[in-house]
Amino acid sequence: MATPLYIIEEKKLRRNLTLIADVAAKADIEIILAFKAFALWKTFPIFREYIDSTTASSLSEVRLAFEEFGAPAHTYSPAYTDEEFDEIVRCSSHLTFNSLSQYERFRERAKGVSIGLRINPEYSEVETLLYNPCAPGTRFGVTADKLPAQLPSDIEGFHCHCHCESGADVFQRTLVHIEEKFSRWFPQLKWINFGGGHLMTRKDYDVALLIHLMKDFRQRYPWLKVILEPGSAFAWQTGPLVAHVVDIVEDKGIQTAILDVSFTCHMPDCLEMPYFPDVRGAEHYSHLSPLTSHRYRLGGNSCLSGDFMGYWRFDHELQVGEEVIFEDMIHYTTVKTNTFNGISHPSIGMLHEDGRLEILREFGYEDYRNRMD
């Protein structure tokens, strides 16, 4: 197998989509795909069998929704620009403003879409500040004290995002804060979007609790259409990144297996979060143990000094040319890659249910060159 290669597995993708569609039907809500976590548009025909809409946060994502998914986007951006706004409206069904000043600036040009405001309940249990949208000083959303008692008549919805790969119990606690601060405005609205981060396809996620919470909410506010827009949940554990060992080097007793992939280029969340990915056939160690044999730090092939992670113990001595497989590398990873250092970008493949591997996209020199054109 030529590597590096992301492989999305159709069977696992359909498993997630089936669960998500079932939750939406039982809870009487709409669940849509967030492109910020997954945007492999050649899989959209499969998605259209299960969902009807997507959410976008830029002109490129909006066009992807309209032109490739085949439906107008639910759009939110921290700040719209004059040059892009009219095209964004053309390709959107819902449009959420991040601030009252943005709303005042663009409201007259937002004709034909359902307008919303992003709200900030000032509560989130996301511990990593890089991913916490409600951290003090956040640039996201309007707090309750800044809203007028009577909303402008063209504001039809609220958008609220507080989670990151969170459980239903976190949503249950967060919902209390959202209602306490903002329910006084609910009678003036038609819809509410509770954002992403609802990791309902994770094995230990309490799906029954999520459905109960949503049914309960709908009973209290039956006129409100409820929307969730998870990203990770759709592509959670749907496929790996396959790499090969290119070289093995040693310094001060540390063996590093240098791979034909890069953490900073191809798995940036590992360094940003940070988190240690699962490596097939290996056990992760938080520190280097002198008693552990076949232990390696895994290194990327860029010139960034910190392009490595470790340590993993294998059950054998690694050899040049051997495969190293990083599990669960489809959501977020595929949309955040870059071509720093001109490192060869992994191809993208789909493993179909019949066992056939289809290469959806290969990357070459022209892709790197044209970004600098």
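Just so you know, in the range 65-100 the residues that are part of a helix (DSSP H, G or I) and in contact with a strand residue (DSSP E or B) (Cβ under 7 Å, 6 or more places away or on another chain) include one that is nearest to LEU189 (Cα to Cα), and it is LEU100. Taking the stated definitions as given, is ARG118 of a type in the set (Lys, Arg) and open to solvent by less than 40 Å² (accessible area, probe 1.4 Å)? In short, yes. Of the residues contained in the range 2-10, none is found to be without any contact (Cβ under 8 Å) to a residue 12 or more places away in the chain and open to solvent by 40 Å² or more (accessible area, probe 1.4 Å). Pairs are defined by a Cβ separation below 8 Å, a sequence spacing of at least 6 or placement on different chains, a first member in the range 296-307 that is more than 11 Å from SER262 (Cβ to Cβ), and a second member that is assigned to a loop (DSSP other than H, G, I, E, B) and open to solvent by less than 10 Å² (accessible area, probe 1.4 Å); the pairs so defined are TYR296/LEU318. Note on the range 202-226: residues that are open to solvent by 10 Å² or more (accessible area, probe 1.4 Å) and either assigned to a loop (DSSP other than H, G, I, E, B) or in contact with a His (Cβ under 6 Å, 6 or more places away or on another chain) (or both) total 8. Pairs are defined by a Cβ separation below 9 Å, a sequence spacing of at least 6 or placement on different chains, a first member in the range 57-79 that is in contact (Cβ under 8 Å) with a residue 12 or more places away in the chain and surrounded by fewer than 23 Cβ atoms within 10 Å (Cβ to Cβ), and a second member that is assigned to a strand (DSSP E or B) and basic (Lys, Arg); the pairs so defined are PRO78/ARG118. Of all residues in the range 230-289, those being over 30 Å from GLY196 (Cβ atoms) and among the aromatic types (Phe, Trp, Tyr) number 1. Summed over the range 202-258, the residues that are within 23 Å of CYS270 (Cα to Cα), more than 19 Å from the chain's Cα centre (by Cα) and among the aliphatic types (A, V, I, L, M) give a count of 9. Return a yes/no flag: does the range 328-335 have any residue that is open to solvent by 50 Å² or more (accessible area, probe 1.4 Å) and either farther than 23 Å from PHE276 by Cβ or among the charged types (D, E, K, R) (or both). No, that holds for no residue. Put simply, of LEU130, LEU147, LEU199 the only residue that is open to solvent by 10 Å² or more (accessible area, probe 1.4 Å), within 20 Å of ALA37 (Cβ to Cβ), of a type in the set (A, V, I, L, M) and touching a helix residue (DSSP H, G or I) at 6+ places or on another chain (Cβ under 7 Å) is LEU130.
Whether any residue in the range 227-240 is buried (at least 20 other Cβ atoms within 10 Å of the Cβ) and part of a strand (DSSP E or B) is what I want to check. Yes. The set of residues in the range 13-26 that are within 17 Å of LEU40 (Cβ to Cβ), touching a helix residue (DSSP H, G or I) at 6+ places or on another chain (Cβ under 9 Å) and of a type outside the set (A, V, I, L, M, F, W, C) comprises ARG14, ASN16.
Looking across the range 355-373, the residues that are within 29 Å of LEU199 (Cβ to Cβ) and either open to solvent by less than 30 Å² (accessible area, probe 1.4 Å) or not aliphatic (A, V, I, L, M) (or both) come down to GLY355, GLU358, LEU360, ARG361. Scanning the range 101-121 for residues that are part of a loop (DSSP other than H, G, I, E, B) and under 22 Å from the mean Cα position of the chain (by Cα), we see that the one that is nearest to GLU87 (Cα to Cα) is ASN120.
Of all residues being assigned to a helix (DSSP H, G or I) and under 14 Å from VAL142 (Cβ atoms) in the range 153-183, which is most open to solvent (accessible area, probe 1.4 Å)? Just the residue, please. Top of the filtered list is LYS181.
Selection over the range 16-51 of residues that are over 18 Å from the mean Cα position of the chain (by Cα) and open to solvent by 40 Å² or more (accessible area, probe 1.4 Å) gives a count of 9.
Would you confirm, using the coordinates I've provided, whether GLU108 is surrounded by fewer than 18 Cβ atoms within 10 Å (Cβ to Cβ) and at positive phi? No: the conditions fail for GLU108.
The values are calculated or read from the model by the stated rules, or taken from the named source; none is laboratory data. Values in this document were obtained by computation on a predicted structure and should not be read as measured data. When we count neighbours, we look across all protein chains shown, and the Cβ atoms used for this are built from the backbone with ideal geometry, even at glycine. Surface areas here come from the heavy atoms of the whole protein model, side chains and all, with no ligands, DNA or RNA. Shrake-Rupley method; radii C 1.70, N 1.55, O 1.52, S 1.80 Å.
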